[in-house]
1. Return the pairs, sorted by first residue and then second, in which the second residue is surrounded by fewer than 20 Cβ atoms within 10 Å (Cβ to Cβ) and among the small types (Gly, Ala, Ser), the first residue lies in the stretch 85-101 and is closer than 16 Å to Gly211 by Cβ, the beta carbons are less than 8 Å apart, and the residues are 6+ apart or on different chains.
2. From Val350, Val297, Val302, which residue is buried (at least 20 other Cβ atoms within 10 Å of the Cβ) and modelled with pLDDT of 95 or more?
3. Condition first: among the β-branched types (Val, Ile, Thr), more than 13 Å from the chain's Cα centre (by Cα) and within 16 Å of the ligand (Cβ to nearest atom). Now tell me which residues in the stretch 160-206 satisfy that.
4. Of all residues in the stretch 214-251, which are of a type in the set (D, E, K, R) and either assigned to a helix (DSSP H, G or I) or within 12 Å of the ligand (Cβ to nearest atom) (or both)?
5. Give me the strands (runs of 3 or more DSSP E) completely within the stretch 71-167, filtered to those with at least 3 residues that are surrounded by 21 or more Cβ atoms within 10 Å (Cβ to Cβ), ordered by residue number.
6. Sort through Asn212, Asn241 and tell me the only one that's modelled with pLDDT under 95 and not aliphatic (A, V, I, L, M).
7. Which residues, taken from the stretch 401-412, are closer than 18 Å to Asn364 by Cβ and either in the same structural domain as Gln200 (by TED's automatic domain parsing) or not small (Gly, Ala, Ser) (or both)?
8. If only one of Arg386, Arg363, Arg402 is away from the ligand (no atom under 15 Å from the Cβ), charged (D, E, K, R), closer than 20 Å to His124 by Cα and out of contact with any His (no Cβ under 8 Å at 6 or more places or on another chain), which one is it?
Amino acid sequence: MSTLDSIRDLFPITRQCFVNSNGTTHTITYLDHGASTHPPTVVLDSYRDFLERYYANIHRGNHYLSQRASDLYDSVAGVVMDFIGGDASRNSVLFSGNTTSALDMASFLMQEKEGATLVSSMEHHSNDLPHRRRGPVLRIEVLDDGTLDYDDLETKLRNNRVKLVAITAASNVTGYMPDLKRIARLAHRFGAKVLVDAAQILAHHTIEIGGNDADDHIDMLAAAGHKAYAPFGTAFLIAPNDLLAGSEPYIPGGGTVKFVTDQTIVWAEGVDRHTGGTPNIPGVIALGEALKWLSSVGMDWVRAHELELLKGFENRLRAIPGVTMLGDIAPEKKLGVMPFNIEGVHHDTVSAILNNEYGIATRNGCFCAHPYLTRLLSCTDAEAVRSKVEAGEDVVLPGAVRATIGIYNNEEDLEKLVRAVAELAAQAQGGSLVDESVAKVICRETL
Ligand SMILES: Cc1ncc(COP(=O)(O)O)c(C=O)c1O
């Protein structure tokens, strides 16, 4: 069995079928890994094993189960730190429920610092809106091809007091991977810290935060298990210990204190200070298993495999008459993320037909990155769209279809996508794609 076949074999979901509205049975061709990835059996086993054999709350129990659960849970911080090459003596891992809450925590930890946050225009809303709530935000422009404008970054750093640069390691819209080391060097030269949103990259490409003293290190990094072959409900933020010590507690409550009287509180230190309440214990343990499993496969293998698929198929999609790809980024600088539109057909319709007629799972809409998407679509009237949305009018929102590659995808999956898109594009050009009933049933507006 090839390495790929043995990996694919670990994913029960690849054997799952569904029946479409015409009664046709499809095996699922999953190309929505950018939204969430499936857990392989090794991860599912660890999750179930915890529930069956060690289920107990952590950290304040003197009994066997609690201690066993605590040990399993506590060991995961080290796994995470190893996976992204962080220095455990100067940084901590804080677990949360999803990337959004991890990024929000980072924004909170920085809120008392003086200066603006510089957010790239390609960010997912989760690495943009939390910063807007906590002080001035400036934008790093993107270029027409979908890449970052480094000159603009430098200008904004030079001309403003910037405390934080918030940047994605890979865009969820185009897969573009900005040069994080270059960004970090620039940010540090001007006294700013760097927060990296690693939600997309974690399971697809090596990422190293580097030693705290290196001028190109990453100060904070957030990512989630549900995009890295672990179940939903667990994410993490890596942050420097001195920042944790100097900040108000993020979620005060159980576990965040040393002692409390009616009037006073002695706060705990480090991670405990900020993470009140019972965490997702089996989720964290499964996240650790997922990262260990990815390491055992080898992130170099993962990247080489996904890059080969991207190189083999993105250009074929691009070459289909009537298909427009968003962004123009060399495969080496992006993950296996392929956003496209078929001329004359709404992205919602395309995605629904891909599912219904071909069993292909894609995502469509604006991907929670409206400023980037409208820029890539050359949508000059974003302001007009905004005012209509605000007024509650019925608006056809701009968007695209996105196919994202994961570890178990093979050439057959991608071949199927290209063939399906070619057929749909040909039908669209011949005017026969959308019949009224299909349009009515499946044309929902999605954001
Ligand atoms: C780049 C990026 N950042 C943040 C998020 C938010 O992740 P979560 O759903 O884990 O909060 C996503 C989700 O798609 C994403 O793609």
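1. Gly85/Gly210; Asp87/Gly211; Ala88/Gly78; Ser92/Gly270
2. Going through Val350, Val297, Val302 in turn, just one is buried (at least 20 other Cβ atoms within 10 Å of the Cβ) and modelled with pLDDT of 95 or more: Val350.
3. Result: Val165, Ile183, Val194.
4. Lys227, Asp242
5. 91-96, 116-120
6. The unique qualifying residue is Asn212.
7. Selection gives Val401, Arg402, Thr404, Ile405.
8. Arg386
The values are calculated or read from the model by the stated rules, or taken from the named source; none is laboratory data. Just so we're clear, the structure is a prediction, and the values are computed from it rather than from any experiment. Heads up, the Cβs are rebuilt from the backbone with ideal geometry, glycines too, and the neighbour counts pull from every protein chain shown.
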